[in-house]
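Student: One structure follows; several queries about it will come next.
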Amino acid sequence: MIRKPNQNSRSRWWLAGRGLFLANLAVLALVAWGFSGEYFRHRRLKSELSRLEAEAVRLETENSETVELGRRFAADEAVEREARTKLGLRKPGESVIILKGTGAVPVSSGGEAAASVPGDSEDGKLRLWWKYFFNY
């Protein structure tokens, strides 16, 4: 005798298959949600890393410029030149002569210029003195 499948057993099999499918679908959705969250987190961290690397390069450049500027101002000549030109200071026994249009030029008591003047050649210095005394 061959048994015919019972209607009740068919519906149980159908519901069991559907339930298994839905359970698998739910697990798949949870796994996909976890992976997508990690993917977007990875992209956000990658963009932040590139932004921070660009900022690090900018800060290194700024730092090297600041160090170079500090080195230039740490030199005795630079400090002395700034003190003479901007603060009007001079060494004891020195006379300061100011030429119009060229800025302050400190001259030592021996007669030699302590800072460079536009037109460093002897001919250029003579012209500057000529213009200073004779307004020519």
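Each value in this text was obtained by applying a stated rule to the coordinates, not by laboratory testing. A quick note: this is a predicted structure, and the numbers were derived from the prediction, not measured. Every residue, glycine as well, gets a Cβ built from its backbone with ideal geometry; the counts of neighbours run over all protein chains shown.
Student: Determine which aspartates and glutamates satisfy two conditions relative to Lys125: a Cα distance under 12 Å, and not lying fewer than 8 residues away in the same chain.
Tutor: The reachable aspartates and glutamates, counting only those whose Cα sits under 12 Å from Lys125, are Glu112.
Student: Sticking with this one: Along the Cα→Cβ direction, 7 angstrom out, place labels at Ala26 and Lys46. What is the inter-label distance in nm?
Tutor: Computed distance between label sites Ala26 and Lys46 equals 3.4 nm.
Student: Starting from the Cα-Cα distance between Ala54 and Phe73, subtract it from 0.36 nm times their residue separation and give me the gain in nm to one decimal. List each step's numbers first, then the result.
Tutor: On the way: separation 19, 0.36 × 19 = 6.84 nm, distance 2.88 nm.
Once the chain is fully extended between Ala54 and Phe73, it gains 4.0 nm.
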